[in-house]
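Have a look at the structure below before the remarks.
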Amino acid sequence: MPTRKKARRTKFVFVVGGVMSGVGKGVATSSIGTILKARGFSVTALKIDPYINVDAGTMNPTEHGEVYVTEDGDETDQDMGNYERFLDTTLTSTNYMTTGRVYRAVIEKERNLGYKGKCVQVVPHIPHEVIRRLQKAGKGHDVAVVEVGGTVGEYENILFIEAIRMLKLQFPDDVTTVMVSYLPVPSKVGEMKTKPTQHAVRTLNTTGVHPDFIIGRSDRPLDKKRKEKIALFCNVEEDRVISAPDVESIYQVPINFEKDNMSGLLLKTLGLRPRTSSKLGPWKSFARKVQRVEDEVQIAVVGKYFDTGDFVLSDAYISVLEAIKFSAYGLGVRPKIHWLNSKEFEKGVPRGALSKYDGILVPGGFGETGIEGKIHVIEFARKHRIPYFGLCYGMQLMVLEYARHVLKLKEAHTVEIDPDTKHPIVDIMPEQKELMAVANYGGTMRLGAYPAVLEKGTIAGRLYGTDHIEERHRHRYEINPEYIPQLIEAGLVFSGRSPDGVLMEIAELPRARHPFFLGTQFHPEFTARPLSPHPLFTGFVRAAKVHRRT
Ligand code: GLN
C-alpha cells in the first residue's frame, strides 16, 4: 500500500536590515531564494512592508519607488519584482503584507467575534496574524524567504521581529535569520568599520532574535580580519559572515554568495539535505554576458518621478529599466538609459535635444504634470522615425498625439486631465464612472492580469508568436471605443484587444510607416525575466539597435 508522505513544514529564512536602509536587502532576499532554488528546492519569497498603507498603490513613487503589480492585481512593493525576476516565478497578494493589512485583518476578526470575547492585544495577536500569513504563503514550498522592511531598532517593524521570535520558539529548526548590514569605509579613516554592525546585532538581540548569518554589504569585499571581528563581536560563526561587495550587476549577487558557500550553510542550518549541487549555470552565463557586451544603445525614458531633492531616483521605473536590460543583453548590446524629465519638453522639443537617442520610451504615469511634454516627444519620435515604446499612459498619450496631429482633433484629450473635453480619446468606462462618483477609487482601477487577443501579422502578433496573451494592468482609463474607426482609418493599428473586442490593449503603426511605434495599455515590464526577456521590449531594443546603425 502506498504510504502517504507527510507534507514537510516550510522552512523560513528571515532577512532583516542593520545600520541603514537602501543597501540591497531586496536583492539579498532574492539572491538567497535563487541559490536555494538552484539546490533543487521549491522557494517562495515574501515582503513585509511596515507601512500603515494597506497597499503600495497609494504611496508616492518618488518616495517609495515603483508600485509592482502582481498577476492577481495586488499593488505591492518593488522588491516583489526582484523576487519574481530572480526566482522566475509568479507571486500573489499572499506574498505581500503591510502593517495596515495585518491590523485590518485583526480588527475585522475582532469585529466578527473571531476572538470569542478575549481581550485582543498587540502582542500576541498581531504577531500571530503575521505568522498565519507567513505560513499561508509558505504552504507547499520547501523554503520561504521573508524580507522584513526597514532597519532593526525601528518601532515600525518590531512586531514583525516579534513574529520571528515566536515562530522560532515554536519551530526552532525551521527558522533562520540573516542580517544584511552595512560596513562603511570612511575615506579619512581608510578602514572598513564593523562597529555599526555590532550595534545593529545588539539591537536585534534585545528583541530576542539572533542572526545566524550576517551579510556584510560594503563597497569592497570583507577581508579575513573583518570577518573574524564580526564573528567574535556579533556572536556568529565566521563562515556565516558573507561578503557582499558592490557589483556592477545585481545578477552577480547569487554567484558571489555561493563563493562563500552560503546555500550549503543555509541548508545545514535549516536541516535540509542538498538535493543537487548548485545549478547556477544559466545565471553565470547571463552575468558573463552582462560583463562582456560592448555595443551601446541610447534609450531615453521620459517620465516625471525622478527627482528627490538633488538626487535622481530611477527606482520609480525599476521594472522598466530591468526589462530593457534583459532584452538588450539578449541582443548583445548595453543599454545606456537617459532619464528625461518630461517637464522640459512642455513647449516643444528643442533642436537636437532628442537626436542622440536610438529609442524613446514613455512609461506609465498619472496626472497632468509633464504630459504636454510627453506628447511633444511622442510626436517627434513618430515624425523622425525614432523607435517608440509607450507603456500604459505612454500608449494613451501616443493615441492622443495621433488623434491631435493626424486626425486633426486639436482638442483631443484624456478625461483624466480634462473631464469636459470635446474629444475624449481616453475615457472612463461607464461602470467605472459610477464608482468614481462615490470616491471608491480603488474599485475603479483595472488591476492585474487580463487576457488579450492579438491580430496576426502585426508587429505585436509577430513578436509574441501567439494570438492569446495575458498581461498585467494598472490604470483607470481606456481608449474610447467611439474613436476607433477614425483612428484605424487614419492608419493606426490596434493589434491587441480584450477578448470581447471592446478594450484596446496594443496600438501600433505598421512597419512600412515606422520602424517601431507601439504602445500597450498593460505593463509588459512586470513579466520580463533575466533569462526570458519580454518579446515587446526585445522588439523595441532591436529597432533601437538598427536605428543606431543608420
Ligand atoms: N493614468 C492612466 C490611467 O489611469 C495611466 C495609468 C498608468 O500609466 N499606469 O489610465
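When we screen 284, 289, 279 for residues that are on the phi < 0 side of the Ramachandran plot, assigned to a helix (DSSP H, G or I), surrounded by fewer than 19 Cβ atoms within 10 Å (Cβ to Cβ) and modelled with pLDDT under 90, the only hit is 289. The residues of the range 382-393 that are among the aromatic types (Phe, Trp, Tyr) and either surrounded by fewer than 24 Cβ atoms within 10 Å (Cβ to Cβ) or over 19 Å from residue 297 (Cβ atoms) (or both) amount to a single one, 393. Filter the range 456-500 down to the residues that are charged (D, E, K, R) and within 29 Å of the chain's Cα centre (by Cα) and list them by number. Once the filter is applied, which keeps residues that are charged (D, E, K, R) and within 29 Å of the chain's Cα centre (by Cα), the range 456-500 yields 462, 467, 470, 471, 472, 474, 476, 478, 497. Summed over the range 366-376, the residues that are part of a loop (DSSP other than H, G, I, E, B) and either open to solvent by 10 Å² or more (accessible area, probe 1.4 Å) or among the aromatic types (Phe, Trp, Tyr) (or both) give a count of 4.
Among the conditions (1) within 16 Å of the ligand (Cβ to nearest atom); (2) open to solvent by 40 Å² or more (accessible area, probe 1.4 Å); (3) in a helix (DSSP H, G or I), the only one that residue 396 does not satisfy is (2). Criterion first (open to solvent by 10 Å² or more (accessible area, probe 1.4 Å), within 16 Å of the ligand (Cβ to nearest atom), over 30 Å from residue 249 (Cβ atoms) and polar (S, T, N, Q)) does residue 421 satisfy it? Considered against the rule, which asks whether it is open to solvent by 10 Å² or more (accessible area, probe 1.4 Å), within 16 Å of the ligand (Cβ to nearest atom), over 30 Å from residue 249 (Cβ atoms) and polar (S, T, N, Q), residue 421 comes out as yes.
The C-beta contact set for the range 406-418 (first residue within 12 Å of residue 480 (Cβ to Cβ), second residue in a loop (DSSP other than H, G, I, E, B) and more than 16 Å from the ligand (Cβ to nearest atom), distance under 9 angstrom, 6+ apart or interchain) comprises 409/422; 412/422; 413/422. When the range 399-418 is filtered for residues that are outside any helix (DSSP H, G or I) and either within 12 Å of the ligand (Cβ to nearest atom) or open to solvent by less than 30 Å² (accessible area, probe 1.4 Å) (or both), the ones remaining, listed by number, are 409, 412, 413, 414, 415, 416, 417. Of all the listed residues (76, 89, 94, 99), the sole one being of a type in the set (S, T, N, Q), in contact (Cβ under 8 Å) with a residue 60 or more places away in the chain and surrounded by 14 or more Cβ atoms within 10 Å (Cβ to Cβ) is 99. Suppose we keep only residues that are of a type in the set (S, T, N, Q) and within 16 Å of residue 93 (Cα to Cα) within the range 41-57. Which one would you say is least open to solvent (accessible area, probe 1.4 Å)? Only one residue tops the list, namely 44. Whenever a residue of the range 485-500 is under 16 Å from residue 470 (Cα atoms), its partners that are open to solvent by 80 Å² or more (accessible area, probe 1.4 Å), lying with C-beta atoms within less than 7 angstrom and at least six residues away or across chains, give the pairs 495/455; 498/450.
One residue stands out among those in the range 477-509 that are surrounded by fewer than 20 Cβ atoms within 10 Å (Cβ to Cβ) and part of a loop (DSSP other than H, G, I, E, B): the one that is nearest to the ligand (Cβ to nearest atom), which is 503. Considering (1) modelled with pLDDT under 70; (2) among the aliphatic types (A, V, I, L, M); (3) not in a helix (DSSP H, G or I), the lone condition that residue 425 does not fulfil carries the number (1).
Here residue 215 fulfils each of the conditions (1) more than 27 Å from residue 165 (Cβ to Cβ); (2) open to solvent by less than 40 Å² (accessible area, probe 1.4 Å); (3) under 32 Å from the mean Cα position of the chain (by Cα) apart from (1). When residues in the range 238-255 are screened for being of a type in the set (S, T, N, Q), over 13 Å from residue 218 (Cα atoms) and at pLDDT 90 or above, 1 of them pass. Considering only residues that are in a helix (DSSP H, G or I) and over 30 Å from residue 286 (Cβ atoms), look in the range 227-252 and name the one that is most open to solvent (accessible area, probe 1.4 Å). Once the filter is applied, the top-ranked residue is 232.
Looking at this structure, is residue 169 farther than 26 Å from residue 90 by Cα, aliphatic (A, V, I, L, M), free of Cβ contacts under 8 Å to residues at least 24 places away in the same chain and open to solvent by 10 Å² or more (accessible area, probe 1.4 Å)? Spelling it out, residue 169 is indeed farther than 26 Å from residue 90 by Cα, aliphatic (A, V, I, L, M), free of Cβ contacts under 8 Å to residues at least 24 places away in the same chain and open to solvent by 10 Å² or more (accessible area, probe 1.4 Å).
The set of residues in the range 512-529 that are open to solvent by 10 Å² or more (accessible area, probe 1.4 Å), closer than 28 Å to residue 293 by Cα and assigned to a loop (DSSP other than H, G, I, E, B) comprises 515, 523. So, residue 268, is that one within 23 Å of residue 39 (Cβ to Cβ) and assigned to a helix (DSSP H, G or I) or not? Considered against the rule, which asks whether it is within 23 Å of residue 39 (Cβ to Cβ) and assigned to a helix (DSSP H, G or I), residue 268 comes out as yes.
In the range 445-468, the qualifying residues are those that are closer than 16 Å to residue 536 by Cβ and open to solvent by less than 20 Å² (accessible area, probe 1.4 Å), and the one that is nearest to the ligand (Cβ to nearest atom) is 452. In the set 108, 63, only one residue is under 29 Å from residue 304 (Cα atoms) and assigned to a helix (DSSP H, G or I); that residue is 63. The combined condition, being over 21 Å from the mean Cα position of the chain (by Cα), more than 14 Å from the ligand (Cβ to nearest atom) and open to solvent by 10 Å² or more (accessible area, probe 1.4 Å), is fulfilled by residue 379. Filtering 350, 387, 363 for residues that are more than 16 Å from the ligand (Cβ to nearest atom) and under 21 Å from residue 523 (Cα atoms) leaves a single hit, 387. Evaluating residue 159 against the criteria (1) of a type in the set (A, V, I, L, M); (2) more than 27 Å from residue 231 (Cβ to Cβ); (3) open to solvent by less than 30 Å² (accessible area, probe 1.4 Å) leaves one unmet condition, (3). Residues of the range 19-45 that are closer than 17 Å to residue 246 by Cα, in a loop (DSSP other than H, G, I, E, B) and either among the basic types (Lys, Arg) or touching a residue at least 24 places away in the same chain (Cβ under 8 Å) (or both): 19, 20, 21, 23, 24. Determine if the range 350-359 includes at least one residue that is surrounded by 24 or more Cβ atoms within 10 Å (Cβ to Cβ), touching a residue at least 12 places away in the same chain (Cβ under 8 Å) and assigned to a strand (DSSP E or B). Within the range 350-359, one or more residues are surrounded by 24 or more Cβ atoms within 10 Å (Cβ to Cβ), touching a residue at least 12 places away in the same chain (Cβ under 8 Å) and assigned to a strand (DSSP E or B).
The values are calculated or read from the model by the stated rules, or taken from the named source; none is laboratory data. What you are looking at is a predicted structure, and each value in this text was computed from that prediction instead of being measured. Note: ideal-geometry Cβ built from the backbone for every residue, glycine included; neighbour counts use all protein chains shown. To get the accessible areas, we keep the full protein, side chains included, count just its heavy atoms, and leave off ligands, DNA and RNA. Shrake-Rupley method; radii C 1.70, N 1.55, O 1.52, S 1.80 Å.
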